[in-house]
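A short write-up of the structure that comes next.
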Amino acid sequence: MKGLIAKGSIRRRLVLQLGAVAAILSIAFFLVVQVVADRAAQDTQDNIIAAAATAIADALYADRDRVMLELPYSAFSMLGSISQDRVFYRVVERGQTLTGYDDLPIADSGVSKNTRRFASFTYRGEMVRAVTVVRSVSLRDERRAVTVTVAQTQRGRAVISSRITATATAIAAVFFMVATGLSFWAAQAALRPINRVARSVARRGPNDLRPVVGETPTELVPLVGALNSFIARLRVSLLRSEEFIADAAHRVRTPLATVRAQAELTHRRLNKPEHKKAIREMIRAIDESSRSAGQLLDHAMVTFRTDSLEKTPVDLVGLLAETCDRLAPTADLKDIDILRDFPEGPFEIQGDPVLIQSALRNILDNAIKYSPDDSQITVRAFEDDGFWLQVRDQGRGFGDADLGKLSQRFSRGANVADIVGSGLGLTIADEVVGAHFGRLVISKNKKGTGACVSLVFAQP
Amino acid sequence: MCIARFCAALGAVALMSVAFPMSAFEVEERHHFPAIAGDEVLRIISTADEDAFEPIIRAYQAQNPAVAVDYTIASSTEVMRAIYDEGAAFDLVISSAMDLQTKLANDGFALAYTSAQTATLPDWAIWRDQVFAFTQEPAVLVVSEAFFAEIGVPKNRRDLINLLRRESAWFQGRVGTYDVRTSGLGYLFATQDSRNIESYWRLTELMGGLNSPLYCCSSDMIRDVASGKLAFAYNVLGSYAASRLPETKGFHIVELEDFTSVMLRTVLVPVGVENQPAAHRMIDFLVTMKDRPDLVAASGLPPVDEAALDANTAMRPIRLGPGLLVFLDRLKRDRFLENWENSIVQD
């Protein structure tokens, strides 16, 4: 992950942005409710004082040549029943105050019959809401316009308004909290497909070069498409290099066989010991080269076959015995005994016998190669939470090498510089067990020196 | 010499007007209760008699020894004039005239106060946190024992009206009631009656037909009922009658069962207050008088007690609030008094 800097999280950004939206909406809701509440409270008060003013206007009457008024009790008692607000009133006829508070301002300009006019102003040290209505009263042959003004302080309105505001605050707070919770959920849900794609890419094995398929959100199609085309290019490129290696190995191996045959013939014909020795050296070098070429071919085959793994029932014990049989002559050359420790029954799994045999051959071949003359190699098959196929030798072992790195391609132990080798043997074995969902176990031989390599397959 | 004396006199006048700047309203009595220890003063203007209030003031001073109490007694209209027109400097206004107290608060002459004690008052006993009721005093019928020894005492206004009709000869000149033109309390009771009782005007007409004498005050009516001069008096202040019962024989008290107006004696802090803490302590003291039965007995002032009202549903406390302003309206008052005079004063 070097060079990849994780900066910022889509999830956090989504949550923060949705939270901010929720907060803005909550505040907007609160403000709107407050305005509406204030308006509603104002309308309520307006209606009540207008009713009181109308009731007073209705109680106006003409008495001989005077306008008279019998203030109805209900006009004021209804104002008092809603709230404990102060009430002021003034009744004016031709500029003269008939009754009420002389200094109460009246806003009668533009007020005609059947209309009313509301006003807010400060009176006697407190903000009041006032309404003015006009009523005409007939006096003998004359119509007199009488103005009735009723004013009320606004304590009740403030109480209603603050009560609604408190409710609005609570609702806005709850809304905000719920919305924030939902935004967490929404962020999670929105990111789920991305996580799914990321997980499916991260989960793949190192050799899995299949394209990413499955449900992909529209927004990720370009990314996944680009990734797939990258994988395809990589695959093509890998295959090409494997093909190249296989081709090269094949082209080298065939002439090598010819060269070896010629060298053997020559060896037989030569009489001088120093000449024979030189030719033997040559044959040995040719063998090693041919072996390396074989391994390169094996590896290319493994790469190719694991891509499309063919599954047939395989008996691991049978394969192991067969491999031992095949390599027995090579072991005999060095006077090495191959001790077999096999159980009775077969270990049967689903797999590719060609691949598994190739893996076993490489391991056993390695063991023979690195074993000293006249030593023993123990080959075991046993069950221990899986099928174990184990090859143990008495060779020099792996020294201080990092056991985990040994199965990497072209990696060799630190103590084998004097022996020709490609470093591909363990890689092939590792890739084969990996393709069969098994694992390669490399350890030091517990009995003295030597190496112990096991292929572990899962039991079906 | 003459000029000097004149100047001295002028100076004295000026001094007096500084010392007593609001001497225009009429004071009935003035009492001073010196502090037990300390130099604070609480100046109260009140309509209640000294007899009723002295025990309360003494008990208050027992809790507040540093406060001297200046207790000024005036009629409700003079109390109104002192505060409303003349801005007289008092710390507390105590009045039985609920309408005038309401007007003082409505027109901005009262200050608000809240405390744990005022919060214990029922809703109907408090207005704007400015007017606090601390007594509930019903308007009752005071009847002569001698007169009603043989016939049954009427329990409601219908019986009363029927009785007056049937026995009109008997009751000639022997029914007393307030002269609502001069008595603020009489006016308050009469206006509430006119609002609540269908038969109020019929009763008034009947009493007018009987040439009923009109009174300024409850005490005179009780005196005349007790002496047998009156058969009964209508709308007498119940608390006052009750306080006279032990020493005056010959009458008893009837609370009518159809409807009984209950006057609430109220207290407020005027804007001209100087010793606000002492005034607030007095309000707290007054509104919790229910917890001091000794003071209730000594003062004869029944405290605000919702349970007592629940027990008798005919008892209706007069509601504090702007409704009370209606009958203070000049035109409305003129009209009401005109009607009343037409009904009761029959030449």
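Just to be sure I understand the filter: pairs with C-beta atoms under 6 Å, separated by 6 or more residues or on different chains, first member in the stretch A:142-163 and over 14 Å from A:A52 (Cβ atoms), second member assigned to a helix (DSSP H, G or I). Which pairs pass?
Filtered contacts from the stretch A:142-163: A:R157/A:A41; A:R157/A:Q45; A:I160/A:A41; A:S161/A:A37; A:S161/A:D38; A:S161/A:A41.
Report the residue count in the stretch A:297-315 for those that are more than 38 Å from the chain's Cα centre (by Cα) and within 14 Å of A:R361 (Cβ to Cβ).
Qualifying residue count for the region: 2.
List the residue pairs whose Cβ atoms are under 8 Å apart, where the first residue sits in the stretch A:236-256 and is closer than 17 Å to A:E288 by Cα and in a helix (DSSP H, G or I), the second is among the β-branched types (V, I, T) and modelled with pLDDT of 80 or more, and the two are 6 or more positions apart or on different chains.
These pairs meet every condition: A:L256/A:I286.
Would you say A:L223 is of a type in the set (A, V, I, L, M, F, W, C) and surrounded by 15 or more Cβ atoms within 10 Å (Cβ to Cβ)?
no
Among the helices (runs of 4 or more DSSP H) lying completely within the stretch B:283-347, list those that include at least 3 residues that are more than 14 Å from every other protein chain (Cβ to nearest Cβ).
B:293-299, B:306-311, B:330-344
Restricting the search to the stretch A:78-90, which residues are among the β-branched types (V, I, T) and within 8 Å of chain B (Cβ to nearest Cβ)?
Listed by number, the list holds a single entry, A:V87.
Return yes or no: is A:E93 within 7 Å of chain B (Cβ to nearest Cβ) and surrounded by fewer than 21 Cβ atoms within 10 Å (Cβ to Cβ)?
no
Keeping to the stretch B:262-278, report how many residues are small (G, A, S) and farther than 15 Å from B:R58 by Cα.
Result for the stretch B:262-278: 1.
I'm told B:L268 meets every condition in (1) within 22 Å of the chain's Cα centre (by Cα); (2) in a helix (DSSP H, G or I); (3) in contact (Cβ under 8 Å) with a residue 60 or more places away in the chain except one. Can you identify the failing condition by its number?
Checking B:L268 against (1) within 22 Å of the chain's Cα centre (by Cα); (2) in a helix (DSSP H, G or I); (3) in contact (Cβ under 8 Å) with a residue 60 or more places away in the chain, the one that fails is (2).
Counting just the residues of the stretch A:429-450 that are over 19 Å from A:D384 (Cβ atoms) and over 33 Å from the mean Cα position of the chain (by Cα), which one comes out modelled with the lowest pLDDT?
My answer is A:G448.
Can you find, within the stretch B:93-121, the residue that is surrounded by the most Cβ atoms within 10 Å (Cβ to Cβ) among those that are closer than 26 Å to B:Q192 by Cα and away from chain A (no Cβ under 14 Å)?
Per the stated criteria, the residue is B:V93.
Quick check: is even one residue across the stretch A:341-362 under 49 Å from the mean Cα position of the chain (by Cα) and under 17 Å from A:G450 (Cα atoms)?
Yes, the stretch A:341-362 contains at least one residue that is under 49 Å from the mean Cα position of the chain (by Cα) and under 17 Å from A:G450 (Cα atoms).
State which residue is farthest from the chain's Cα centre (by Cα) when the search covers only the stretch B:122-147 and only residues that are in the same structural domain as B:D220 (by TED's automatic domain parsing) and surrounded by fewer than 17 Cβ atoms within 10 Å (Cβ to Cβ).
Per the stated criteria, the residue is B:A146.
Taking the stretch B:36-47 on its own, how many of its residues are closer than 24 Å to B:P293 by Cα and surrounded by fewer than 20 Cβ atoms within 10 Å (Cβ to Cβ)?
Going through the stretch B:36-47 one residue at a time, the tally reaches 1.
Could you tell me which of the residues A:D325, A:D337 is more than 30 Å from A:L239 (Cα to Cα) and touching a helix residue (DSSP H, G or I) at 6+ places or on another chain (Cβ under 8 Å)?
Testing whether each residue is more than 30 Å from A:L239 (Cα to Cα) and touching a helix residue (DSSP H, G or I) at 6+ places or on another chain (Cβ under 8 Å) leaves just A:D337.
Would you mention how many residues in the stretch A:183-220 are surrounded by 12 or more Cβ atoms within 10 Å (Cβ to Cβ) and touching a residue at least 40 places away in the same chain (Cβ under 8 Å)?
Of the residues in that region, 10 qualify.
Among the candidates A:R155, A:R144, A:R235, single out the residue that is of a type in the set (K, R), within 14 Å of chain B (Cβ to nearest Cβ), on the phi < 0 side of the Ramachandran plot and over 23 Å from the mean Cα position of the chain (by Cα).
A:R155
Of all residues in the stretch B:75-117, how many are outside any loop (DSSP other than H, G, I, E, B), out of contact with any strand residue (DSSP E or B) (no Cβ under 7 Å at 6 or more places or on another chain) and within 22 Å of B:P303 (Cβ to Cβ)?
Counting residues in the stretch B:75-117 that are outside any loop (DSSP other than H, G, I, E, B), out of contact with any strand residue (DSSP E or B) (no Cβ under 7 Å at 6 or more places or on another chain) and within 22 Å of B:P303 (Cβ to Cβ) gives 2.
Just one of (1) more than 19 Å from A:T44 (Cα to Cα); (2) part of a helix (DSSP H, G or I) trips up A:A158, so point out which.
Only one criterion is unmet by A:A158, namely (1).
Which residue pairs have Cβ atoms closer than 8 Å, lie 6 or more positions apart in sequence or on different chains, and pair a first residue in the stretch A:56-77 that is more than 9 Å from chain B (Cβ to nearest Cβ) with a second residue that is of a type in the set (D, E)?
Close Cβ pairs (under 8 Å, with a partner that is of a type in the set (D, E)) amount to A:A59/A:E70; A:Y61/A:E70; A:V67/A:E93.
The values are calculated or read from the model by the stated rules, or taken from the named source; none is laboratory data. Given the structure is predicted, the values throughout are model-derived calculations rather than measurements. Don't worry about glycine lacking a Cβ; one is built from the backbone with ideal geometry, like all the others, and counts go over all protein chains shown.
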